[in-house]
Amino acid sequence: MADIPTPAPLPRLWARIDKVWLLVAAIPLLVWAFDPPAAWPTVTGAVEALGHTGPFILFAVAAIGYLKATGSEALLAKAFQGRETRMIIIAAMAGGLSPFCSCEVIPFIAALLAAGAPLSAVMAFWLASPLMDPAMFAITAGGLGFDFAVAKTVAAVALGLGGGLVVMALRNTALVQDPLRPAETKSCGCGPSPFTGTPVWRFWHHADRRRAFFDAFLSNLLFLGKWLALAYLLQMLMIRYIPADAVAAVVGGSGIGPILIASLLGAPAYLNGYAAVPLVAGLMEQGMSPGAAMSFVIAGGVSCIPAAVAVWALVKPRVFATYLGLALMGAILAGLTWNMLAA
């Protein structure tokens with residue numbers, strides 16, 4: 001009987017290493033190797049910034065743990081009942097509050113579309129959902145200010161509402177009819193749909209829900225911690241090595257040009273919604289305009305790779321193009337509006 005080959009130790013070890021934590025460890029070492037005087041200020045600056053955000057992180061992960069433990073996400077299903085206009089409004093508002101990744105909502109949205117729910121309401125939820133949730137609001141308020149967090153929340157709901165109404169207006173055209181891909185797998189590895197069941201608000205009376213709370217608390221604490229640690233290190237590097245004049249020349253000023261550039265750069269430059277906050281804060285310190293910052297976080301949140309892949313996996317290319325077009329237009333309008341209000 002032939003021996004079954006086993007994976008080599010080094011590739012197996014590499015596969016198990018979290019690449020984000022590896023970057024967090026590697027950045028100070030690389031700075032020390034090439035610019036020793038900058039190494040310690042880079043680390044201490046990132047630690048101080050992370051400490052400043054600490055209370056917001058704890059509040060955010062506690063809020064996520066509570067929502068997961070109570071099963072309150074099941075209430076989202078009620079957003080897709082009733083008249084189409086009402087569904088769009090409630091779906092946009094629910095999307096701006098839901099603490100779920102784009103991957104987690106795939107089974108829910110697939111089931112809604114397969115059951116005949118209007119694409120307009122689903123699109124409203126889908127556009128707003130990646131942009132804001134309780135954790136994102138807390139992190140954004142801590143890093144960019146309470147006003148910016150409120151404005152982004154309003155922009156998320158407005159984008160969902162506007163996108164849903166546009167799709168409703170186009171419902172009799174070939175662009176948005178029959179949106180689902182044929183014979184696609186409606187799950188992405190996140191497990192069954194969380195949008196079923198009845199919420200249990202006093203979850204601490206149930207052992208399984210207490211475990212769910214602590215599991216969600218710890219996993220999200222580690223998740224936010226690693227991404228924000230990386231983001232604050234990158235922020236320190238950005239402030240030290242990227243000339244403020246260069247940033248201001250590209251995405252500074254009050255015109256539409258910086259907003260257009262920021263919206264187009266949003267998708268490829270967007271690491272993670274939480275990590276984007278300190279990076280945008282660093283860019284604003286270097287001269288990025290408020291409108292460009294808003295356009296960047298809106299466009300990046302909706303069209304970043306994880307969100308876009310989740311949409312592409314489920315719907316036909318013409319619906320996917322509609323999704324991206326609505327996201328880009330919404331980001332530009334949000335940027336222009338915030339530039340005027342901030343001024």
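Side notes on the structure shown:
- Qualifying residue in the stretch 208-231 (condition: over 24 Å from the mean Cα position of the chain (by Cα), touching a residue at least 40 places away in the same chain (Cβ under 8 Å) and part of a loop (DSSP other than H, G, I, E, B)): no
- Applying the set (1) out of contact with any strand residue (DSSP E or B) (no Cβ under 9 Å at 6 or more places or on another chain); (2) at pLDDT 85 or above to Ala117 leaves exactly one unmet item: (2).
- Selected residue [loosely packed, with under 15 Cβ neighbours inside 10 Å and either among the small types (Gly, Ala, Ser) or out of contact with any Ser or Thr (no Cβ under 7 Å at 6 or more places or on another chain) (or both)] from Ala212, Ala246, Ala229, Ala216: Ala246
- Taking first residues from the stretch 240-264 that are at positive phi and assigned to a loop (DSSP other than H, G, I, E, B) and partners that are at pLDDT 70 or above and surrounded by 16 or more Cβ atoms within 10 Å (Cβ to Cβ), the Cβ contacts under 6 Å between residues at least 6 apart in sequence or on separate chains come to Gly253/Ser289.
- Residue list for the stretch 138-168, restricted to those being free of Cβ contacts under 8 Å to residues at least 24 places away in the same chain and either within 14 Å of Leu97 (Cα to Cα) or buried (at least 21 other Cβ atoms within 10 Å of the Cβ) (or both): Ala149, Val150, Val154
- Of everything listed in (1) surrounded by 20 or more Cβ atoms within 10 Å (Cβ to Cβ); (2) at pLDDT below 85; (3) within 18 Å of the chain's Cα centre (by Cα), the single unmet condition for Ala269 is (1).
- Evaluated against (1) modelled with pLDDT of 80 or more; (2) outside any helix (DSSP H, G or I); (3) of a type in the set (Phe, Trp, Tyr), Phe100 falls short on exactly one condition, (1).
The values are calculated or read from the model by the stated rules, or taken from the named source; none is laboratory data. Computed from a prediction, not measured in an experiment: that's the story for all the values here. Virtual Cβ from ideal backbone geometry, glycine too; neighbours counted across all protein chains shown.
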